[in-house]
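What follows is a set of notes on a single structure, which appears directly below.
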Amino acid sequence: MLISKKKLCSCSFFSILILYGLSRGSWGNVIPYTIWQSLVLLAGVYFGVCTLGVLKGSGNYYMLLCITLVFIVLMFNNYNLKNRDIYYESTFITLMLLSVSMINRPEWIKWSYKLMCIMGFFYALMTLVSFLSKSFYDTIIFPFISNYSTTTKYLSLSDYYAGGFTTHYSTNGMFVTLGVCMTCGRLIDLKEFSARKKFGRVCIVLLMLVALLLTNKRAHILFTCAGMLVCYYLYNSNRPVGRIGKIMGLLFGVVIFAYILYSIAPDTLRFLDRFAEEKAKGDVSSNRFMLWGLASVMLKGNYILGNGWFSFYYKYSYHVHNVYLQLLTEVGVVGSVFFYIFMALNYYRVAHRFIQSRRNQIELGDDGERRLAISIIYQTFFLLYGITGTCLYELQTLIPYIIMCAVGEYYWYNGK
């Protein structure tokens, strides 16, 4: 009975953190901000206690790196703390504690993947239903969502379905991207399933991809596809001869699928029109070049320690839309290098373990390979999205990313 209570407690706090990130800009807006923050702080205390259990175990280097990141966020002239806004910082600390304590808790990995898969599928389903039935969107989704965003009223007039069950299509793109990654990873080693189950899983992935296309988010679509290609390339590490040819064949199949899809539903490829629209306006970057220029000017004279965490946002009311440049601008070379190490190290470890498993150098089992495949796809998306987006500063993407990193760390220390 005692074990059951512990599992219930851990799953509850785990779920709170995931749902907090995967409901912002959607149904989570119904719950008052103070309640969410209180629950996240309680989760932080719980995960902090759990972290004590790994102080003398494996994973000390990873834990030290996580602590360093927390120190940088809190101590490098933090503008959020100056303005008494701790929502990002409290969640960031809780995430770091969670990722460290996950190293010895495989049941948390299983539960988190299930919950993220369910949430991603939910938002994809709402996107597809909205596209197929505007009356459903107008009578069910829009009256609810419009209470929490003025931008949704604009979207309802054009490409309303792109936002799905969220207040903005960017938010929906983040959620559906996660769902695509989760379902794609489940295509690993389908040989153990019957033909019906194989067909069912492939169909689900295709539907998820259609939902992602409907969000009209260029970066999310392109970078998720890049993650899938990287994962497929690494998956064939045990058969390196001809894998480039397989990828070319896969790309050819994608082109055929896109052509058929465009013939049936032209709106699914509207994201391509956005390139032409932005070019016609004279700025294909959607003002990103301007933001990068402002960040570069702000960086001058403050290369070592930067201008302070979130300083760019408080000065211009926008993020830089380039995570790596914003890190340099706000925490300088000294602070940003640890974030770069964290990202690179986690990506290397999850990719290396995946390759080892595919070459039968270690035994992870099918579940292990699937989880690593999902982590590779999402981490690839996150790192590429960091070039043009704000993924490090959005909880909708940061929470899944840290969990994916923790999964890689678990298999790094527990792979045999």
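Residues checked against (1) part of a helix (DSSP H, G or I); (2) free of Cβ contacts under 8 Å to residues at least 24 places away in the same chain:
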{"residue": "SER237", "(1), (2)": "yes, no"}
{"residue": "LEU250", "(1), (2)": "yes, yes"}
{"residue": "VAL255", "(1), (2)": "yes, yes"}
{"residue": "LEU261", "(1), (2)": "yes, no"}
{"residue": "ASP283", "(1), (2)": "no, yes"}
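Within the range 14-35, if we keep just the residues that are aromatic (Phe, Trp, Tyr) and surrounded by fewer than 20 Cβ atoms within 10 Å (Cβ to Cβ), the residue that is farthest from GLY179 (Cα to Cα) turns out to be TYR33.
Being among the small types (Gly, Ala, Ser) and free of Cβ contacts under 8 Å to residues at least 60 places away in the same chain is the filter; apply it to the range 24-41 and report the residue that is nearest to LEU98 (Cα to Cα).
Ranking the qualifying residues of the range 24-41, first place goes to SER38.
Per-residue answers, yes or no, for (1) touching a residue at least 12 places away in the same chain (Cβ under 8 Å); (2) over 21 Å from LYS82 (Cα atoms):
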position: ASN302; (1), (2): yes, no
position: LYS315; (1), (2): yes, no
position: LEU328; (1), (2): yes, no
position: TYR348; (1), (2): no, yes
position: ARG371; (1), (2): yes, yes
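Quick check on my filter: what residues within the range 274-293 are modelled with pLDDT of 90 or more and either of a type in the set (S, T, N, Q) or surrounded by 16 or more Cβ atoms within 10 Å (Cβ to Cβ) (or both)? Residues satisfying the conditions are ARG288, LEU291, TRP292. Exactly one residue out of ILE387, ILE376 is in a helix (DSSP H, G or I), closer than 20 Å to PRO240 by Cα and not hydroxyl-bearing (Ser, Thr, Tyr), and it is ILE376. Within the range 236-257, the residues that satisfy the criterion of being of a type in the set (Gly, Ala, Ser) and at pLDDT 80 or above are SER237, GLY245, GLY249, GLY253. Among residues of the range 82-94 that are aromatic (Phe, Trp, Tyr) and surrounded by fewer than 22 Cβ atoms within 10 Å (Cβ to Cβ), none has a Cβ under 7 angstrom from a residue that is at pLDDT below 95 and not in a helix (DSSP H, G or I) at a sequence gap of 6+ or on a separate chain.
On the stretch given as the range 285-321, residues that are within 20 Å of GLU89 (Cα to Cα) and part of a loop (DSSP other than H, G, I, E, B) total 11.
If I ask for residues that are over 20 Å from the mean Cα position of the chain (by Cα) and in contact (Cβ under 8 Å) with a residue 40 or more places away in the chain, which ones from the range 189-222 would you list?
ASP189, GLU192
Looking across GLY249, GLY242, one residue alone is surrounded by fewer than 20 Cβ atoms within 10 Å (Cβ to Cβ), of a type in the set (Gly, Ala, Ser) and at positive phi. It is GLY242.
Counting only helices (runs of 4 or more DSSP H) that fall entirely inside the range 38-129 and contain at least 1 residues that are hydroxyl-bearing (Ser, Thr, Tyr) and over 22 Å from the mean Cα position of the chain (by Cα), the qualifying elements are 60-75, 79-82.
The values are calculated or read from the model by the stated rules, or taken from the named source; none is laboratory data. Just so you know, these numbers come straight off a predicted model, no measurement behind them. When we count neighbours, we look across all protein chains shown, and the Cβ atoms used for this are built from the backbone with ideal geometry, even at glycine.
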